[in-house]
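The values are calculated or read from the model by the stated rules, or taken from the named source; none is laboratory data. The structure presented is a predicted model; accordingly, all values stated were derived computationally and were not measured. Here the Cβ is made from the backbone with ideal geometry for all residues, glycine too, and neighbour counts use every protein chain on show. Note: areas computed on protein heavy atoms with side chains; ligands, DNA, RNA excluded. Shrake-Rupley method; radii C 1.70, N 1.55, O 1.52, S 1.80 Å.
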Amino acid sequence: MKVTFLLPARGLVPTGGYKVVLEYANKMVADNIDVTLIYPFDLKRNKILAEGWLGKLRLCKKALTKTLKKQYSVNAWFKLDSRVREKVVPYLHHWFIPDADVVFATAWETAEWVNTFPDRKGKKFYLVQHYEDWYGTDKEAVDATWKMPLNKVVIATWLQEYAESLGQPSVLIRNGLNFKDYYIETPIATRPRHHVSMLYHDLEIKGSVYGIRALEQVKKEIPELEVTLFGTFEKPDWIPEWMAYHYVPKNLRDIYNSSSIFISASIEEGWGLPRAEAMQCGCAVVLTATGGHLDYGTQGVDCIFTPVRDVDAMANAITDLIRNDDKRIAIAKAGNQTVQQFTWESAYGRIKEYMQQA
């Protein structure tokens with residue numbers, strides 16, 4: 001079997017969505033499936049189709065330059081199996097895509113291209129990890145891709161419910177987790193109770209501003225509070241100096257293991273991979289009650305949910321866990337048990353079955 005994944009860009013920095021695709025790629029080649037990852041230099045279909053031949057040739061030259069300089073691989077941050085092929089293309093016209101048995105769109109703009117492919121490019125699938133209406137994206141354009149005759153795989157219940165609202169069938173396959181890289185090293189009970197970590201992201205829907213405001217409130221109540229932020233964006237000037245910041249960290253497991261509490265203040269969340277990684281590593285998690293956050297976990301048992309954009313509620317929840325160490329330890333231990341169910345063996349088995357049956 002030959003499988004092609006169309007990524008929306010070259011993936012030079014870590015993202016949860018890319019991790020999921022790359023884990024599937026590794027599992028497939030280990031199962032003797034031929035896998036190719038496609039990285040387009042440009043993505044926007046309408047703009048590219050409107051370009052003249054000169055503009056298209058410029059894109060070809062740029063893609064070739066990146067290929068020759070090997071400025072495209074995800075290997076800088078992910079252990080990709082050497083049997084997985086990687087290919088940079090100018091754009092996602094079927095001319096540049098290998099013939100295969102299965103082809104996956106992995107973002108709404110890649111779905112626009114896949115929908116136009118001839119049958120020889122493979123059975124058409126659409127891996128949906130979020131509702132991608134960020135950065136001012138036209139929701140009608142996104143919805144149009146959900147309505148295309150593609151075999152849809154969604155990773156969370158709320159995404160399946162949205163597909164149903166559009167009259168579209170989908171298969172729910174929750175993500176697996178990497179238990180080789182994320183696990184408890186520092187015993188939960190021995191961690192400093194006042195150490196909190198959070199992913200910073202500049203997307204408004206990630207709610208970083210609300211999380212930081214909540215942490216500032218906690219600092220007023222608990223002066224010994226320590227905060228570690230991490231992300232793939234340079235640290236903005238407005239983040240307080242007393243908050244440590246790790247840019248594209250290579251020690252993410254260490255960050256989780258040094259934290260007693262992990263928070264996510266997302267307004268929307270596809271599934272919440274950092275939240276799951278933190279639970280794998282023994283953090284008690286405080287989360288907004290949204291999207292993928294709600295897909296697993298029980299309030300007060302293995303996580304704490306607070307209303308979206310409610311800075312006071314999140315600050316109070318963090319403060320409560322810091323001041324009630326037994327509660328923090330119990331939630332962290334229960335959360336660690338909860339995430340054990342999400343294995344890549346299970347996720348891969350289900351997606352392989354779906355590819356064969358579709």
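Quick one: count up the residues across the stretch 139-162 that are touching a helix residue (DSSP H, G or I) at 6+ places or on another chain (Cβ under 6 Å) and either of a type in the set (G, A, S) or exposed (fewer than 14 other Cβ atoms within 10 Å of the Cβ) (or both).
Residues that pass the stated criteria total 1.
Have a look at L172, L159, L150, L127 and point out the one that is in contact with a Ser or Thr (Cβ under 6 Å, 6 or more places away or on another chain), of a type outside the set (K, R) and within 24 Å of W344 (Cα to Cα).
L127
Please go through the stretch 163-180 and give me each residue that is surrounded by 16 or more Cβ atoms within 10 Å (Cβ to Cβ), free of Cβ contacts under 8 Å to residues at least 40 places away in the same chain and outside any loop (DSSP other than H, G, I, E, B), ordered by number.
Within the stretch 163-180, A163, L172 meet the criteria.
With the structure loaded, tell me whether A100 is within 22 Å of A347 (Cβ to Cβ), in contact (Cβ under 8 Å) with a residue 60 or more places away in the chain, in contact with a Lys or Arg (Cβ under 8 Å, 6 or more places away or on another chain) and hydrophobic (A, V, I, L, M, F, W, C) or whether it fails that test. Don't jump to the end; show me each part of the working.
On the way: within 22 Å of A347 (Cβ to Cβ): yes; in contact (Cβ under 8 Å) with a residue 60 or more places away in the chain: yes; in contact with a Lys or Arg (Cβ under 8 Å, 6 or more places away or on another chain): yes; hydrophobic (A, V, I, L, M, F, W, C): yes.
Taking the combined requirement at face value, the residue satisfies it.
Given Y183, Y135, which one is part of a loop (DSSP other than H, G, I, E, B), touching a residue at least 40 places away in the same chain (Cβ under 8 Å) and either over 30 Å from D237 (Cα atoms) or hydrophobic (A, V, I, L, M, F, W, C) (or both)?
Working: Y135 fails: either over 30 Å from D237 (Cα atoms) or hydrophobic (A, V, I, L, M, F, W, C) (or both).
When all the criteria are applied, what remains is Y183.
Can you tell me which residue among E241, E353 is more than 22 Å from H194 (Cα to Cα) and over 21 Å from the mean Cα position of the chain (by Cα)? Break it down stepwise before answering.
On the way: E241 fails: more than 22 Å from H194 (Cα to Cα).
When all the criteria are applied, what remains is E353.
Among D310, D302, D326, D254, which is the only one that is charged (D, E, K, R) and open to solvent by less than 40 Å² (accessible area, probe 1.4 Å)? It would help to see each step written out before you state the result.
Numbers: D310 fails: open to solvent by less than 40 Å² (accessible area, probe 1.4 Å); D326 fails: open to solvent by less than 40 Å² (accessible area, probe 1.4 Å); D254 fails: open to solvent by less than 40 Å² (accessible area, probe 1.4 Å).
The match here is D302.
Quick one: in the stretch 188-208, of everything that is touching a residue at least 12 places away in the same chain (Cβ under 8 Å) and farther than 21 Å from P14 by Cα, which residue is surrounded by the most Cβ atoms within 10 Å (Cβ to Cβ)? Give the derivation first.
Going through the stretch 188-208, the residues touching a residue at least 12 places away in the same chain (Cβ under 8 Å) turn out to be 188-189, 191-208.
Checking the rest, the ones that are also farther than 21 Å from P14 by Cα come to 188-189, 191-196.
Working: I188: 20, A189: 14, R191: 21, P192: 12, R193: 19, H194: 20, H195: 19, V196: 28.
For the stretch 188-208, the residue satisfying everything is V196.
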